[in-house]
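Here's the structure we're looking at; comments come further down.
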Amino acid sequence: MDGALLISDNVMLSLLRPLLVTCLYTLLLPGGQGRIPGYNNGFHYQDISNGNGNGEIYFDGVRLHVESPQHSVSASRGSSVTLPCHYHYEPEIATPRRTRVKWSWLPSNTNTAPSSPEALASETEVMVAMGNRHRSYGTFRGRVRLKRSAPGDMSLVINELQLNDTGRYRCEVIDGLEDESVTVELELRGVAFPYYSQKGRYHFNFVGAKQACQDQDATLATFEQLFVAWEEGLDWCNAGWLADGTVQYPITVPRDGCGGMDLAPGLRSYGQRHRLFHSYDAFCFSASVKGSVYFLKHLTKLNFTEAVQACAIDGSQIAKVGQMYAAWRLMGFDQLRCWLVG
């Protein structure tokens, strides 16, 4: 009886073996319905079925490189600018890859370190593209495109540059599990200048200072913009807000009442101040705009209301402080009264 049972078991095993082999073979067939799921982009990584069984994918030696020949670009307000970004593979590949590119932007008015997690989290999407499909966002919508002058060229073209476009731009190229990026700093050519309330010095909190600069066709200056103005000779004893929420002032000639004689020339900083409760002046930044600046001659002296009307009758508008500084610094004018838009 035991022998018969043993024979029966062996017979059953022999009958099951073809079924087991058939099932296993089906699982390993390329393209079979039972194929082990895994990632395979054809170049960067081998199929997961060749891995270690724990989800690890083997790297096959082809690397994605993203580079920029310029890490800082300057341009004029209202113009077009190209932020260079190129990618390639090492070793080179024979078949074009389907890559995705994302351009993002970290504004100049942030006070976080550019490489910190907080800064990356606060980056704003500018444009994403994959193949011939692309999408732009926010204030960049309709103003940006990819240059694509050669294979691997993902340079960003920004048209009609605005004052608030300054900052650090990140070009990120994504191919499967590969993700590499490079940053390019965009600066506008312009002039930083001090500005204070008609009521006197130190009447602006941060919000008020920001609005005051906007009212004068300008923005709050960055540290870099104020530093350039100091290098060009700006000396101002009153402290003012900057775009990052710090309060500083430029001194070229040390003196009592402006930090003292013992401190070297430079930017004197009060550091971060409470943006609502503390009051100072403002350092604004203005760049050139489309238009013409001219001196309007008049037979008699004019008060402000009469000057506004005179400019309007002449087909223009009264010049703002930011426009005056920009025309003086960038256009060489030394007599400014009216701003002709055109």
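The values are calculated or read from the model by the stated rules, or taken from the named source; none is laboratory data. The structure presented is a predicted model; accordingly, all values stated were derived computationally and were not measured. Positions of Cβ are generated from backbone atoms using ideal geometry, with glycine treated the same way; all protein chains shown enter the neighbour counts.
Taking the conditions (1) over 30 Å from Phe304 (Cα atoms); (2) at pLDDT 95 or above in turn, Glu232 satisfies each one other than (2).
Residues that are among the charged types (D, E, K, R) and under 15 Å from Met324 (Cβ atoms) were ranked within the stretch 186-230; the one that is surrounded by the fewest Cβ atoms within 10 Å (Cβ to Cβ) is Asp215.
Remark: pairs (first residue in the stretch 220-242, without any contact (Cβ under 8 Å) to a residue 60 or more places away in the chain; second residue assigned to a helix (DSSP H, G or I) and of a type in the set (S, T, N, Q); Cβ separation under 9 Å; 6+ apart in sequence or on different chains) = Leu242/Gln225.
Taking the criterion of being in contact with a Lys or Arg (Cβ under 6 Å, 6 or more places away or on another chain) and closer than 10 Å to Trp103 by Cα, the residues of the stretch 160-188 that qualify are Glu172, Ser181, Thr183. The lone criterion from (1) at pLDDT below 95; (2) of a type outside the set (Lys, Arg); (3) in a loop (DSSP other than H, G, I, E, B) left unmet by Tyr202 is number (1). Remark: Val308 falls outside the filter, which requires a residue to be in a helix (DSSP H, G or I), under 26 Å from the mean Cα position of the chain (by Cα) and of a type in the set (Val, Ile, Thr). Scan the stretch 280-318 for residues that are in contact with a Pro (Cβ under 8 Å, 6 or more places away or on another chain) and β-branched (Val, Ile, Thr) and jot them down. If the condition is that a residue be in contact with a Pro (Cβ under 8 Å, 6 or more places away or on another chain) and β-branched (Val, Ile, Thr), then no residue fits. Within the stretch 212-242, the residues that satisfy the criterion of being under 21 Å from the mean Cα position of the chain (by Cα) and not in a helix (DSSP H, G or I) are Ala218, Thr219, Leu220, Ala221, Thr222, Leu242. Would you confirm, using the coordinates I've provided, whether Gly259 is in a loop (DSSP other than H, G, I, E, B) and without any contact (Cβ under 8 Å) to a residue 12 or more places away in the chain? The answer is yes for Gly259. Scanning the stretch 125-169 for residues that are surrounded by fewer than 19 Cβ atoms within 10 Å (Cβ to Cβ), closer than 18 Å to Leu106 by Cβ and of a type in the set (Asp, Glu) yields a count of 1. Taken over the stretch 88-124, the criterion of being over 24 Å from Thr246 (Cβ atoms) and modelled with pLDDT of 95 or more is satisfied by Val101, Lys102, Trp103, Ser104.
Across the stretch 253-302, the number of residues qualifying as surrounded by 14 or more Cβ atoms within 10 Å (Cβ to Cβ) and in contact with an Asp or Glu (Cβ under 8 Å, 6 or more places away or on another chain) comes to 4.
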